[in-house]
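Chemist: There's a structure below that I have some questions on.
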Amino acid sequence: MNSRRCRWLALLALAAAGSGCGAMRYFPDNEQLRAFMAAGPVTPELDREAMMRAIPPVGPYRVGTGDVLEIRGPHALFQRAAEPAGSPANDLLLARVDADGNIQVPLAGALQVRGRTLLELEAALAAAVHPQFLVAKPAIVARVTEYRRLRSPWWAPSRIRGSTNCARIS
C-alpha cells in the first residue's frame, strides 16, 4: 500500500512540474485582431546608399596583404648565388605580400605591389630590372595562387536602422 501511494505521489509531482513548462498561449480579443489587420503589412527599410557602398568595385583584382603570387620570368630575374649552371631558361618565384605591401624579388629587391593589378605588377617588376640589371625587357607573368583572407567577421551586426540582429557576411 505504501509503495502504491509513493507511485501516485511521484506521478502527481511529475504532472504538476510538467504543467508549468508549456508555452503560454495568447489569444487576442476581437478589438486587438481588428487593429492588427488594419495595420497592414510591414515593409523593411532599406538604406540604398549603404548597400551601394558595400558592393565591391568592378574591375581587375587588386593585390593585397597576404596574397601569394606566382611570378614567372627569365631565370636571371630569380637567380640566386648558389644555383647550378644549366637551369631552365624560365623560372618561377612564389612570394607572399608582406604587411607593408611588398614582395621580395632576388634581383629587384623589395617591390611595392599592394593595390596594384597583376598587369601593373608585371610592368613594375620589368621596369625595376630593365635596363639596370637585364639588357632586354623581360616577359613576366604573374598570377595569384592564394588569395588573402578577409579580416571581417563571419557574423556581424546588421546595418538595418534600429536593428540588433546579426547577419551572415558572405
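Chemist: Treating only the Cα positions of the range 68-146 as identical point scatterers, give the base-10 log of I(q)/I(0) from the Debye formula at each q in 0.22, 0.24 Å⁻¹.
Modeler: Summing over Cα pairs of the range 68-146 leads to -1.04, -1.23.
Chemist: Just want to confirm a number: the relative contact order over the range 68-146, from Cα pairs under 8 angstrom separated by 6+ residues, in percent.
Modeler: In percent, rounded to a whole number, it is 37.
Chemist: Just order 39-50, 92-103 by mean Cβ neighbour count inside 10 Å, highest at the front, would you?
Modeler: The densest-packed peptide leads the list: 92-103, 39-50.
Chemist: Highest mean first, how do 122-129, 53-60 rank when packing is the count of other Cβ atoms within 10 Å averaged over residues? Show your work: numbers first, answer last.
Modeler: Details: 122-129: 17.4, 53-60: 7.0.
Top to bottom by mean Cβ count within 10 Å: 122-129, 53-60.
All of the numbers you see were taken from the coordinates with simple rules; none came from a lab. Treat the numbers as computed from the prediction; the structure is a model and nothing was measured. Counting neighbours? That spans all protein chains shown, and the Cβs are built from the backbone with ideal geometry, glycine included.
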